[in-house]
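The values are calculated or read from the model by the stated rules, or taken from the named source; none is laboratory data. Everything quoted here is computed from the prediction, not taken from an experiment. Virtual Cβ from ideal backbone geometry, glycine too; neighbours counted across all protein chains shown. Protein only, heavy atoms only, side chains kept; ligands, DNA and RNA dropped before computing areas. Shrake-Rupley method; radii C 1.70, N 1.55, O 1.52, S 1.80 Å.
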Amino acid sequence: MDPTTDNAGTTGDSPSSRASLEALRAEIAKAVVGQDPAVTGLVVALLCRGHVLLEGVPGVAKTLLVRALAASLELDTKRVQFTPDLMPSDITGSLVYDTRTAEFSFQPGPVFTNLLLADEINRTPPKTQSSLLEAMEERQVTVDGTPRPLPEPFLVAATQNPVEYEGTYPLPEAQLDRFLLKLTVPLPARQDEIAVLTRHADGFNPRDLRAAGIRPVAGPADLEAARAAVAKTSVSPEITGYVVDICRATRESPSLTLGVSPRGATALLSTARAWAWLTGRDYVIPDDVKALALPTLRHRVQLRPEAEMEGVTADSVINAILAHVPVPR
């Protein structure tokens, strides 16, 4: 899709932009079966210029999902396997001495890309994890006092395993808050798992996505047109108040020691606008806020130890809050 441009220099129409993003979701489905919410979450993150944390047990196609997204976009992508011995400079880059010129030159690291796959991010120590903070928040990397801007668009898609804790380093709250969404990638339903096995029996190779028929169907221009359309999606004062009431309720919940910050409230408003636009509306309704509340807020709250021992989860607390906060009419 080539977005049109009017005399004022604005990008193309909303329906064409939306069709481009719908084609992106359909293209990813050629490789990944039964993970539509995660696919949609990645598209929402792209629209909001946010980052995504994918959590699921091994073997549920977390890495494949991100690779399929990259293959469906005309964007540069790099993958980093996070390990205990990974150093910050292995991600950001470093100054290298050139013997021919007798000068230091900067060699950019893998973070200088459009889509960075941070595989098993919780397997690397906090010092290396924190090297991504500036990149995720400021979209630049500072080496030897010199800030270097990252390409646009820029998205970090990080994966982590929720059941294996030995040799891992849990992400601190400050870094979790930098992720726009935390998407859970569950085990597939029976019919979806049958479809996965059938594809493999027919010769599907997850390492060769081009052979699976995945082609670039969108690019930077499409994203810019879509983002411009999302920015025009209207939000009423009642919806803004609804978002604030939900986030304030998390700060007063007896099950939580940490509630959602104003940054989290801003994130929920942004994701709700993107979801409203994807579903074909130019205004936000309460259902949009409810649809994105769990992935946007679940990693921004912290359970009390006694609540956790009783089997309470962040999702159950947020669902209870959604059930009790008055919905605007």
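Near the amide H of Ala218, within less than 5 Å, lie the amide hydrogens of Glu74, all on another chain or at least 5 residues away, with H placed in the peptide plane. Quick one: among Ala225, Ala135, Ala211, which has the greatest mean-square fluctuation in a GNM of the chain with alpha-carbon springs under 10 angstrom? Highest fluctuation among the options: Ala211.
Ratio of Rg to Rh for segment 197-329, alpha carbon only, Kirkwood?
Values: Rg = 19.3 Å, Rh = 17.2 Å.
Ratio of gyration radius to Kirkwood radius: 1.12.
Applying 0.36 nm per residue to the separation of Asp282 and Thr101 and subtracting their alpha-carbon distance, the gain on full extension is 59.5 nm.
Nothing charged except the Cβ atoms of Lys and Arg (+1) and of Asp and Glu (-1): what's the magnitude of the dipole of the chain about its Cα centre? Round to the nearest 20 debye.
Working: 32 positive and 40 negative charges, 61 e Å.
Magnitude of the dipole: close to 300 debye.
Within 14 Å, Cβ to Cβ, of Ser255, how many net charges do the neighbouring residues add up to if Lys/Arg are +1 and Asp/Glu are -1? Local charge sum for Ser255: -2.
With all protein chains present and a 1.4 Å probe, how do Ser255, Ser316 order by accessible area, largest first?
Numbers: Ser255 30, Ser316 55 Å².
Order by accessible area, largest first: Ser316, Ser255.
Counting only heavy atoms of the protein chains and using a 1.4 Å probe, Lys127 has close to 140 Å² of accessible surface.
Our compactness index for segment 79-217, the C-alpha radius of gyration over the empirical 2.2 N^0.38 Å, is 1.30. Put a plus charge on the Cβ of each Lys and Arg, a minus charge on the Cβ of each Asp and Glu, and nothing anywhere else: the dipole of segment 194-261 about its Cα centre is then about 220 debye.
Probe radius 1.4 Å, ligands and nucleic acids left out: which of Thr83, Thr198 has the largest accessible area, and how do the rest follow?
Values: Thr83 45, Thr198 70 Å².
Final ranking, largest accessible area leading: Thr198, Thr83.
Of all trypsin sites (Lys or Arg not before Pro) in segment 14-111, which ones are in loop regions per DSSP and have a Cβ with at most 12 other Cβ atoms within 10 Å? For trypsin sites (Lys or Arg not before Pro) across segment 14-111 that sit outside H, G, I, E and B with at most 12 neighbouring Cβ atoms in 10 Å, the list reads Arg100. Sparsely packed loop sites in segment 151-194 (the GluC sites (Glu not before Pro) outside DSSP H, G, I, E and B with at most 11 other Cβ atoms within 10 Å) comprise Glu166.
At q = 0.11 Å⁻¹ the log10 of I(q)/I(0) for the chain amounts to -0.77, computed by Debye summation with a single uniform scatterer per C-alpha, solvent ignored. Toward the positive end of the charge dipole of segment 166-219, about the Cα centre and with charges on Cβ (Lys, Arg +1; Asp, Glu -1), which of Leu176, Gly219, Leu187 goes farthest? Positive-end residue among those listed: Gly219.
Note on segment 129-198: Rg/Rh from Cα positions, Kirkwood definition for Rh, rounded to two decimals, is 1.12.
The string of couplings for segment 73-79 from the Karplus curve (6.51, -1.76, 1.60, θ = phi - 60°) is 10, 8, 10, 6, 9, 9, 10 Hz, one whole number per residue in order, with x for Gly and Pro. Give, as a single signed number, the net charge of other residues whose beta carbon lies under 10 Å from the beta carbon of Leu73, with Lys and Arg counted +1 and Asp and Glu -1. Once all neighbours under 10 Å are counted, the net charge is -4. Leaving out same-chain residues fewer than 8 places away, which lysines sit with a Cα under 27 Å from that of Lys290? Qualifying lysines at Cα under 27 Å: Lys62, Lys182, Lys232. Of Glu120, Glu308, Glu224, the residue with the greatest mean-square motion in the GNM of the chain, using alpha carbon springs below 10 Å, is Glu308. Please work out the C-alpha center-to-center distance from segment 54-92 to segment 197-250 and express it in whole Å. Going from one Cα centre to the other spans 17 Å.
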